[in-house]
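Below you'll find the structure, written out as structure tokens, and then a few comments.
The values are calculated or read from the model by the stated rules, or taken from the named source; none is laboratory data. Please read these numbers as outputs of a predicted model, since none were measured by experiment. Please note: Cβ atoms are built from the backbone with ideal geometry, for glycine as well, and neighbour counts cover all protein chains shown. Accessible surface is based on the protein model in full, side chains and every heavy atom, while ligands, DNA and RNA are left aside. Shrake-Rupley method; radii C 1.70, N 1.55, O 1.52, S 1.80 Å.
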Amino acid sequence: MGMQTLLMVGTRKGLWIGRSDEAREDWSWTGPHFDMEEVYSCMVDTRGDKPRLLAGASSMWLGPRVRRSDDLGVTWQESPDGGPRFPDGIDASVERIWQLTPGARDEVVYAGSEPGAVWKSTDRGETFELERALWEHPHRPQWNAGFGGQAFHTILPHPGNPESVTVALSTGGVYQTTDGGRSWSPRNQGIRAEFLPEGEQYPEFGQCVHKVARHPARPERLFLQNHGGVYRSDDEGGSWTYIAEGLPADFGFPVVVHPDEPDTVFVFPINGGDGRYPPDGKARVWRSQDAGESWKELGDGLPDAFYVAVMRDAMCTDHHDSPGLYFGARNGAIWASSNAGESWSQIAANLPDVMSVRAAAL
């Protein structure tokens, strides 16, 4: 029996789980799980004896919580404390859980929240503690909220150094710790904040970063989708180079690295504030195979009348021998490619507004 494929789809009204075989042609779906709860983040943890699914769900009645399943979504449990919660003495409350990410150590899971905070679990997502040094950073009072709120949406643990973690939020920019969270430094040199006045557009912090990604085999190289700009760093965020030449627009939300090719990166360009949909209304994924030096349009099977966005965590890959690429859109459609974007098919439609998509080969 070949490997199976599992796809988690978090929406504004619950979670759906798709299952397929290695061919990824026919899909079965269950859902909604947590009906009417906003699921901004999800994660498939393939470490340990059996996979664990995690979902960051927010209820208008109960607030945000991390839910987990050890039977691939058949049954669910809540974290004992509900998930990330600010300790006594801090006048703040968690509104949404925007990110769930496995750490470099097997038991570690990170969460990113709104308001902008990062949390660490050492028991695979059952309990969480606040990264206090980041919350108490002197820059924090000057971070602002993006159009969708203020949130840490990117958490990138260094695959070879558990003491090093790179994070990003809207709005505030990229920050990094190299000492296990005891201190954090901004890493935004060269990223343009187009919404600031001329002459002030390259600040130390304050950028509206939309997403950052990297390949574990080349952790010093980062790719970043900004609010106006696609960038690459070859020194782990110490400096950034603009790489959007050749794209139809440099605005967008997701950026995804090929699971087997560190120089291959995918983006989904959309128009900026004047229209949050792809240029000319054509759904297209764009791929670079040379770390952003050139770009190719991938649209075989994708629609030409597509007037919605793809959000920052709504595009991902799996780890099959022929890697799959997936994205979900704000019109509730899920598109899949079993050949790294060369051709596409729609595998689900009419779901609620899609916020997060995560895939795994099991």
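Taking every residue in the range 199-214 that is free of Cβ contacts under 8 Å to residues at least 12 places away in the same chain and pairing it with any residue that is not in a strand (DSSP E or B), at least 6 positions away or on another chain, the pairs with Cβ-Cβ distances below 6 Å are Gln201/Arg192; Gln201/Ala193. If you check Ala168 against the conditions, is it among the small types (Gly, Ala, Ser), open to solvent by 10 Å² or more (accessible area, probe 1.4 Å) and closer than 29 Å to Ser59 by Cβ? Criteria not met by Ala168. Glu163 meets all of the listed conditions (1) within 19 Å of Leu222 (Cα to Cα); (2) of a type in the set (Asp, Glu); (3) under 18 Å from the mean Cα position of the chain (by Cα) but one, namely (3). Is it the case, given these coordinates, that Ala249 is of a type in the set (Gly, Ala, Ser), more than 18 Å from Ala168 (Cα to Cα) and in contact with a Pro (Cβ under 7 Å, 6 or more places away or on another chain)? So Ala249 fits the description; yes. You will find that of Asp313, Asp290, Asp280, the residue that is of a type in the set (Asp, Glu), under 17 Å from the mean Cα position of the chain (by Cα) and over 24 Å from Tyr202 (Cβ atoms) is Asp313 and no other.
Go through the range 144-169 and give me each residue that's in a loop (DSSP other than H, G, I, E, B) and touching a Phe, Trp or Tyr at 6+ places or on another chain (Cβ under 8 Å). Matches in the range 144-169: Gln150 only. Considering the conditions (1) more than 15 Å from the chain's Cα centre (by Cα); (2) closer than 24 Å to Asp318 by Cα, Asp235 is excluded by exactly one of them, (2). Of the strands (runs of 3 or more DSSP E) contained entirely in the range 184-258, those carrying at least 1 residues that are open to solvent by 10 Å² or more (accessible area, probe 1.4 Å) and at pLDDT 95 or above fall at 209-213, 229-233, 251-257. Filter the range 79-92 down to the residues that are over 22 Å from the mean Cα position of the chain (by Cα) and open to solvent by 70 Å² or more (accessible area, probe 1.4 Å), then identify the one that is nearest to Leu362 (Cα to Cα). Going through the qualifying residues, I end up with Pro80. When you look at Pro141, is it open to solvent by 20 Å² or more (accessible area, probe 1.4 Å) and in a loop (DSSP other than H, G, I, E, B), yes or no? No, not satisfied. If only residues of the range 304-333 that are in contact with a helix residue (DSSP H, G or I) (Cβ under 9 Å, 6 or more places away or on another chain) and of a type in the set (A, V, I, L, M, F, W, C) are counted, the one that is most open to solvent (accessible area, probe 1.4 Å) is Ala305. Quick one: is Gly301 buried (at least 20 other Cβ atoms within 10 Å of the Cβ), of a type in the set (Gly, Ala, Ser) and assigned to a loop (DSSP other than H, G, I, E, B)? In short, no. Considering the range 338-362, the residues that are closer than 22 Å to Val212 by Cα and part of a strand (DSSP E or B) include one that is most open to solvent (accessible area, probe 1.4 Å), namely Arg358. Of the residues making up the range 22-39, those that are part of a loop (DSSP other than H, G, I, E, B) and within 21 Å of the chain's Cα centre (by Cα) are Phe34, Glu37. Of the residues making up the range 40-87, those that are touching a Pro at 6+ places or on another chain (Cβ under 7 Å), over 17 Å from Ala117 (Cβ atoms) and not in a strand (DSSP E or B) are Arg47, Leu72.
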